Structure formats: structure tokens, C-alpha cells
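Beneath this line is the structure, given in C-alpha cells, with notes to follow.
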Amino acid sequence: MRGLDAILHDPSFAPYIALEKTLPAAEGSFAPLPAGLDPRLREALRRRGLERLYSHQAETFDALADARNVVVVTPTASGKTLCYNLPVLHALLADPDARALYLFPTKALSQDQQSELNELVGSREWGVGSGGSDVKASVAAGNTSDDHTTPLLPTPYSPLPIKIATYDGDTPDPIRVSARDTGRVIITNPDMLHQGILPNHPRWIKFFSRLAFVVIDEMHIYSGVFGSHVADLIRRLRRVAAFYGSRPRFILCSATIANPRELAEALVGEEVTLVDKNGAPRGEKKIILYNPPLVDAVQGIRRSSVDESRRWALAFLRAGIKTILFAHSRVKTEVAASYLTQDLANLYTGSGGIRVVPYRGGLLPNERRGIERGLREGSIQGVVSTNALELGIDIGGLDASVVAGFPGSFNSFWQQSGRAGRRGGLSVSVFVASAAPIDQFIMENPDWFFRKAAEEARIDPDNAYILSDHVKCACFELPFRDEELTAPPLPPPSPSPPFGTAAADVLAFLEEDGIVRHTAGRWHWSDRSFPAERISLRSATADNVVIIDATDGRNRTIGEMDRPSAKELIFENAVYIHLGRQYLVEKLDIANRACYVREASVNYFTDGLVKTDIKVLSEDEAFSYPADGGRVGARGALCDLLVRSQVTKFKKIRFRTNENLGYGDINLPEEEMQTRGLVLLFGPDTHAGQALAAWDEAGVGAILSGAGTLVKQIAPIYLLCAPRDLGAAERTRDPHFGVPALCIYDKYPGGTGLSEALAAKTAPLFAAIRERVERCPCEKGCPSCVGAGGFKAGTRQFLAAL
């Protein structure tokens, strides 16, 4: 890669590289095309230069031929798409009435995969340079015919008689009707399945009665709250399919996680075969761990990870290396893209200037697709993204990825790193550490970073809030029969009622409210509402705020945002940045779910400050955590909590310098949420409590604040979650328990199982936290350990006692 060595040896970068590791290229493992493969499909593959499969593709085909469900777990760009396209198309060619449902977590990924399928079935001619990311990646890596030819140029041939249709919120009504009636493969997302397809299943009789396959791609995304919703959604899908006489097989694909089979079986409720031996070749990749230089060694303050990531991206782009920068928040994404655009304003290549764009949630569909097309075609050379481009959307051949701060899980890091080098050949990925404890822990233990096992993905389909929502939807779709509710779900492979006894108590509760009624052995929906309409799979609230540009009377929609985020990001007088343009918020109308903005040019961006209050409602499980010498280190309790949060002030932060220009007031109603939490108690009967007794109230508060900061930042190492999924609050004297306490809670209504998982992993978590504090070189506390202004000496003694 031209220019890479010069960048790595640049004196402004080289001294701060904690580790440079080369992952060597690897040869592929191949298998012949299946002997019984439909000749038309064999010919379609041959025309694309494919006359053999990777070993994991062949293993998946064989498992599905034996009527098994399959989960495929291989790295990014290893040909997972063909793992499901090949057996599905083969089965649909063998049975002209069979149907398949493809579920992707985002609309953008759905559109991308329809292009891939269209090219394979011949809905449009295919040639060099025209999409087809998965198969072209295979060809580039050596998965070609025996004479190693490139894919053949398009020649006329009969397309496969399989109609592929995308059915999502952007699909026009006439096309929706055609998709329902004649679509053989329906590509959609969980949200549309939830709100548009299952509630209207009588219109889909032909489809559901012949449903043979359900494909669930990017399975690792379905963890926590979202995953729990999707598991209940699949329960509803199985009910409707069974009503029409079909029992589809499931094909799931995932990035590497620690428990893929467990997650797959929890999602689909049936036994699943695991395919995890990757047969795809791999290009050489350099992984760079970069720790920004200290600007204040005493306070432990380092240069901004976003600013340093921008410098790396700028160096790559100037060297002609196509680059993606992951910035992890909407504001940082827009700010970093604006900086890069300004830095490259006067730099031209042979074909014009270097173009860099932001990519994030809240963009309109045509904006997203324009950016994806520009990256594929080469008119856009760089992109700054939230995790929206972490998934397998085809955005062309990127050679470098820059990750600004730990993205919340190792899964996410390797997915983001894998966005570079999807065409084979040398690629580079730079992880730029922030001052957060988890980032600094990685910089101090770089070998551990590469040895670290993948995290587990946790879901709880029986979460009371989530389950009750989907029981409502399921009852609206089809009445529950008593026999569905009388036996608990059976262990795989036995088919079980999708909901079983889990729904019985919910239905009884709903009957008390008059929402359902029980008669003649069936539970019928009796409410006038349409339940799916008010239930969001993605967040704690179904309410989205529409962002309207009111400049010069335009009144056009330019984006949207969920309600809680809107209160933190687009309050009155906030700066909203959209594709590099600045807007000032004139009015946030929460009641009507609208935000009115006007174009402006200011020298700052804004950041809302949130205050949180927590009340214990009930406690249901108590623990004792042992310390050295058989003593009780601390006690703990799993509790139901009421969490109130409110955005009260905001900061104005100057562009480039990050200087604080002042504060402003925010007057918005508070958010209330009932959830689950782990409360760690440090009373006088515990060793940790005795250590705290040596300090006054201010000292105890500072110690617990430092411990809470570390818990929230390092817990993602042990749980598949992002730091934003957990909340932490310290209490010098908890009003419920009457002793010093540290509360760690799930940031979603009803909880997601994170608090329960943390209760079982407290010992290794606090061991890692103690090591982080001991090894941090600061004197009194810094953002990399107990937090800025923290109390390091006291926290060290407290953790030693714990």
C-alpha cells in the first residue's frame, strides 16, 4: 500500500503507537459445487467466475439439505451471503411454490442485499465493477474457476425464474402489492415484519403457506433489548407460519461471538447447527493500537481521540488510501467530517478533489443511498460513520479503517476493522484510544487485546415489558388457544408453542384491563388499538421526533430522532449538524413530535448535560461477595428501580479547540423509566464498608464515583453491551438501604438481563478495575482511571478491601 510506511514512521504518529501487529494472509479451504445443484444456478455461478465454494459454504449447503437450521459464524468478507443465497435459490428452483424471507437489521443492508441477489438470479446483467460485493470479494480472494479467470463479461442468458422484492418503509404501495402476490424472496427488516407484515398476514396467505426459509443476517446485532424484541418477533412469525401450515428452516449469519449457537437457538426457539470453520482466504492486515500523547501528565489528560483519528484519516486520504473513520456518535461524526472536508479543501487528485461525507442514523433514505453509491463508484473517497456502516453494506474497496475510541464491544471493533480490506490485499486498521479506562486498559495490555475471547450476546425474550408488548401483537394477529399456554417450551429439537406458559400470565393481566377476552378456550383481542403501531423494537420508546428545516419557509423534513435522544441533542438553541450544514434549533415540540431548525453559521457545537435520580422500588435477590480471609467484601441486591432523568443545561463547545464557551438552560419534562439494577452495599459489616468509614462524606462520594466510572467503562469487557447500555450512580448513604451504595442499572424499561449477568461477574470485574487503578501512571486520578478530579488514593484502598 503506497504511502503506508511513511505514515507509520511519521514522527507525529510513531512514538505513540502502542503496538503494530500484522495479521498474516491465510490460504482458503475450498470444496466443489454440490453435485445435485440445479444446473441453472450452476450456470449463473459460472458466469460470475465461481466454480467452487469455500468449505463453510459447502458445509452450510449440506446441513440445510438435511433439513437442519444453521448458524454461520465467520469473519467479515468471508462469503456468508452465498451461504444462504445458494441453498435458498436451489430450493426455490426445485419447488416453484416455495418462498423465503430475508431479515436484515437495517433498510440500507436490505437494499444492498437485493442488488446482490438480483445479480445472481440475472435480474440485471453483471460485469466487472457492478456491485456484487460478496461474490466479487470471493473472486478477488482467489475463489474462481480453475484457470483463475476474472468474472466473465455480461452475455445474454435466461434469468432464473425467481422474483426478489424488498418490502420496507420506502417501498411504494403498488410495488408492495406485487411483492405480496408474486415475490418468491421477500427482503425486509424486523421493524417492517413487526408493523407491516405480521399484523396483515391475511394478505400474505400465499407467502406464509409456502414459507420454506427464514434468513437472519448480522445475528450478533440482536442482543440486549433489540435482540429480546426480535426473539419475540420470531415467536410471532412461527405462530403465523404454523397457522398456514408451514415450518420454515432458519439460516442465521453472525460475526464472531462467544455463544453463537446459544443466541441462535434463543432467537428462533429451535435446535441450530453451528458452522464456524472459516474456509475463506484472508488478505494481510496491519492493526495499529495508538495512544494519543499526554498534554497534561499530572492530570492524565490526552489529546482528543476524535482529533487524533481525524489526523490519521487525513494522512491516509492524502496518500490516496480510501478510508472510513468510525466516530461513534452523531455529533462527533458530523464534526469530524466537517473538519476533514475543511482540511482537504485545497487538495486535488487527478480526478478532482477528495470528498469526505458523514454517514449516520437520521439521514433520509436517498441521502444514505447516494453516499453508498458514491463510495462504491469512487466519487467519495472517505466517510465518517457511526456504527451504521459497521454492518456488511457494500461500500466498495476501502483500504483503511480508523476507530476513534473503543466501540463498546470487541465484536464491534473487529467488524469495524473488517470494513477495510474487503477486496483482499493489504489493509490497515487503526484503533485510536480515548482517555476512557477501557481504552487505556487495552493500551497497557495490547497482547491481552488480541487474546481476548469474543463476548457473549445476551437476550431475555421473557422480559416482562417486551413479552407483554409482543403477546398483545400476537393476540391481535391470531387468537391464543389454551393449549398453547399449558406447557412450557420444550428443549430443542422438539417444536414447542412459540410462547408457551410465558404468555399465560400476560394474557390474564391484559384481560383484567379489558384488552383481551377469554371465551371458548381462546384469547381474543378486544381493544380498538393497533398494538404494533405503538411498539418500537429499537429503543425504549416508539416516539420519533421529525426534524424540519424552517429556513426561509422551506418546511422540509431533513431527519428524525427518537424522543429521549431529541431531548439531549436537539433542545432549543442547540446546534444540529446535518451533512456538514449547521442548523440552530428554534423549537422542540415534544407534544407534536416535531423540531424546527434554521440554517446558521456558528463557531461551536452543543452538548446536553443530564441529571439522574434513582429510587429503589423493591429488592428480590441478595448476595454476599467474599473478600480475602473469609470476610464479606460487600453485599449486593438485585432490585426494581425507578430512574428519572432530565436534561437541565447544555455546553457550547468551540470547534477545533474544544473550548467551553459557556452554558445555557434547558426546560424540558423529565423521562421516567422502571428498570432492573444491581445495588452494591458497603455497610459496616463489610470489609469495603469499613474501608469507607475512614473517610468523610465527600471522600466516600469521590471514591464511589471513581468506582462507578470504572464499572461503567470496563463492564463491556465482560458483557456484550456498550457503556451507554448501563447506568451507574453512587450514594454516600442510600435512602432505601441506609448505607453507602453503588447502583449499576440497565438503561431500558424492564431491564435486559445485564444487571443479573453483572451480579455473577462482579469478582473478575473489580479485579480488573483494581488493576487499572494500580497501573495508571497518574498521581491523583485522571479520565483513564477514576475520572477527572477523582480520589485515586481512596479508591485504591476501597478496591483493595473489596
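Annotations
- Placing +1 on the Cβ of every Lys and Arg and -1 on the Cβ of every Asp and Glu, with no other charges, gives the chain a dipole of roughly 1620 debye about its Cα centre.
- For Ser246, net neighbour charge (Lys/Arg +1, Asp/Glu -1) across residues whose Cβ lies under 9 Å away: +3
- Shape analysis of the range 740-802 yields a ratio of the Cα radius of gyration to the Kirkwood radius, Rg/Rh, of 1.04.
- Given in Å, the Rg to one decimal and the Dmax to the nearest whole number for the Cα atoms of the range 543-643 are 22.0, 73.
- Along principal axes, Cα extents of the range 381-530, largest first, whole Å: 67, 34, 34
- Span from the the range 245-262 Cα centroid across to the the range 631-683 one, whole angstrom: 36
- In this structure, the pairs whose alpha-carbon distance is over 27 Å, taken from Lys472/Lys761; Lys286/Lys761; Lys651/Lys747; Lys80/Lys747; Lys285/Lys452, are Lys472/Lys761; Lys286/Lys761; Lys80/Lys747.
- Three-way shape label, the range 691-802, alpha-carbon gyration tensor, a/c 1.5: oblate
- The alpha carbons of the chain stretch over 80, 76, 64 Å along the principal axes, in descending order.
- A Förster distance of 56 Å, applied to the separation of the beta-carbon atoms of Arg522 and Ala14, puts the FRET efficiency at 0.20.
- Neighbourhood charge, 12 Å Cβ-Cβ cut-off, centred on Glu659 and excluding it, Lys, Arg +1 and Asp, Glu -1: +4
- Sites Arg724 and Val602 - FRET efficiency at Förster radius 25 Å, r taken between beta-carbons, to 0.05: 0.40
- Pairwise centroid distance, computed over Cα atoms, of the range 393-441 with the range 175-213, Å: 36
- Stokes-Einstein D (µm²/s) once Rh is taken as the Kirkwood radius of the range 584-639 over alpha-carbon pairs, at 25 °C in 0.890 mPa s: 144
- Surface accessible to a 1.4 Å probe, per residue, for the residues of the range 432-535, Å²: 47
- Extension gain (nm, one decimal) between Leu274 and Thr501, 0.36 nm per residue minus Cα-Cα: 78.9 nm
- Within the shell of other residues whose beta carbon sits under 9 angstrom from the beta carbon of Ile466, the net charge comes to -4, with Lys and Arg scored +1 and Asp and Glu -1.
- Ligands, DNA and RNA excluded, the heavy atoms of Phe766 present near 20 Å² of accessible surface to a 1.4 Å solvent probe.
- Placing +1 on each Lys and Arg Cβ and -1 on each Asp and Glu Cβ, with no other charges, gives the range 537-634 a dipole about its Cα centre of roughly 300 debye.
- Calculated P(r) of the range 9-109 - Cα pairs past 16 Å, %: 67
- Average accessible surface area per residue within the range 677-772, 1.4 Å rolling probe, Å²: 33
- Accessible surface of the chain, 1.4 Å probe: 49 percent of it comes from carbon and sulfur atoms.
- Inter-site label distance for Arg373 and Glu43 at 7 Å from Cα along Cβ, in nm: 3.2
- Accessible surface, the range 27-99, averaged per residue in Å² (probe 1.4 Å): 36
- Cβ-derived FRET efficiency at R0 22 Å, Phe450 paired with Arg2, nearest 0.05: 0.20
The values are calculated or read from the model by the stated rules, or taken from the named source; none is laboratory data. All values derive from a computational prediction rather than experimental measurement. Here the Cβ is made from the backbone with ideal geometry for all residues, glycine too, and neighbour counts use every protein chain on show. Calculation scope for accessible area: heavy atoms of the full protein, side chains included, ligands and nucleic acids excluded. Shrake-Rupley method; radii C 1.70, N 1.55, O 1.52, S 1.80 Å.
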